[in-house]
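Worksheet: one structure, shown below.
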Amino acid sequence: MTFSSPHVPTRIGIVAIGRNEGERLMRCLRSLDGSGAAVVYVDSASTDGSADRARALGAHVVDLDMALPFTAARARNAGLAALPSVELVQFVDGDCELDADWLPKATAFLDAHADVAVVCGRRRERFPDASVFNRLCDMEWDTPVGEAAACGGDSLMRADAVRALGGFRDTLTAGEEPELCARLRAAGWRVWRINAEMTRHDAAMLRFRQWWWRSVRTGFGYAQAGDATAALPQPLYRTEVKRAMLWAGTLPCVGVALGLLVHPLFLLLPIVAFGVQIARIAWRNRAGGMYIRHAWYTMLSKFPELQGILRYRRARQHRSAITYK
């Protein structure tokens, strides 16, 4: 494969991160072949031979120090540090494949918009029909085109803008991209989602337990990124945290309390309220496919999200963490 060396000056660098991604990582790296970019793969103590296989494909590999907690933020910072001279850096998760036409389109957009620091496009699920959970991911990735508040794990960024702010916040175990975008926007930069194919993601999320754990991490990230941006003009995820606490915490507790103290019929209050909200979400999104199941899982996710929020509050007290893989 023909990857440029990170030690040779080049305009674009690519940072791929992963941990035990197996064949998904090989597909990711192969999709970068011919990009002309310097490619760095940052490995977080994989036990499946990912680092050696990446080296065999020609990528420059950075092995994270196992003495420190692993976070995707820390991995991306390590990758950027290995590309000191690049002007633009494409971040991509190891379970994603980069579209062949993405970099030229994204680069042209940044060249035409000097005030934009981050550009992202359409991330799609590789196998959306493999499970309802994969399909939900594909729907989640379909964000509006135009100026955005944040990007996801895949995006093209101005390297100097990221470096000027100290990169990603190493201690964040989730929500590190929105947190960085919030700081970039506070510094006067803009974030943009363009109408272009960017990556294909392989969630391989086939079981309910996987979806639940992913939602727990989402809630953890809401709380953690919310605290990290509390001092910024536009703090993150306050609404999301309040919704999880209302639907999965306050409302069920109020229903049980009223049912025990006033009348048993009040026990139905949370169920009725959930049903009404599910109907509202389904009606609002009725033009799209799978709108009823999407509405159901949107509301059900409030419970694992609240679990993640509470887990973060407890972790902050005991200085423990949640792993990103």
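Nothing in this text is a laboratory measurement; each read-out follows from the coordinates by a stated rule. Remember, predicted model here, so these are calculated numbers, not experimental data. Counting neighbours? That spans all protein chains shown, and the Cβs are built from the backbone with ideal geometry, glycine included.
Residues SER85, SER155, arranged from fewest to most other Cβ atoms within 10 angstrom of their Cβ, appear as SER85, SER155. In the stretch 238-318, one over the average inverse separation of all distinct C-alpha pairs is 13.9 Å, which is the Kirkwood hydrodynamic radius.
DSSP bridge analysis restricted to the stretch 12-206 gives an antiparallel fraction near 35%, rounded to the nearest 5.
Counting only alpha carbon atoms, the long axis of helix 102-112 and the longest principal axis of the chain meet at about 90°. Using the Cβ-Cβ distance between PHE208 and ASN20 with R0 set to 35 Å, the FRET efficiency from 1/(1 + (r/R0)^6) comes to roughly 0.95. Rounded, prolate or oblate, given the Cα gyration tensor of the stretch 37-169, with a/c below 1.5 counting as rounded? Oblate.
Put simply, the amide H of ALA148, placed in the peptide plane, has neighbours under 5 Å in VAL191, TRP192, ARG193, leaving out anything fewer than 5 places away on its chain. For the stretch 166-325, the share of alpha carbon pairs falling in successive 5 Å distance bins from zero is 2, 8, 13, 15, 18, 18, 14, 8, 3, 2, 1, 0 percent. Above 19 Å, the calculated P(r) of the stretch 145-201 contains 27 percent of its Cα-Cα pairs. Rounded to whole numbers, the Karplus 3J(HN,Hα) couplings from phi for the stretch 257-263 are 4, 5, x, 7, 9, 10, 7 Hz, using 6.51 cos²θ - 1.76 cosθ + 1.60 with θ = phi - 60°, and x at Gly and Pro. For the chain, the Kirkwood estimate of the hydrodynamic radius, built from every pair of different alpha carbons, is 20.9 Å. Bridges between two residues of the chain, per DSSP, are antiparallel at a rate of about 30%. Using the alpha-carbon atoms, what tilt in degrees (0 to 90, nearest 10) does helix 269-284 show relative to the longest principal axis of the chain? Tilt of helix 269-284: around 50 degrees. Coupling constants for the stretch 36-44 follow from the phi torsions by the Karplus curve (6.51 cos²θ - 1.76 cosθ + 1.60, θ = phi - 60°), and in residue order they are x, 8, 7, 10, 10, 10, 9, 9, 9 Hz; glycine and proline get x.
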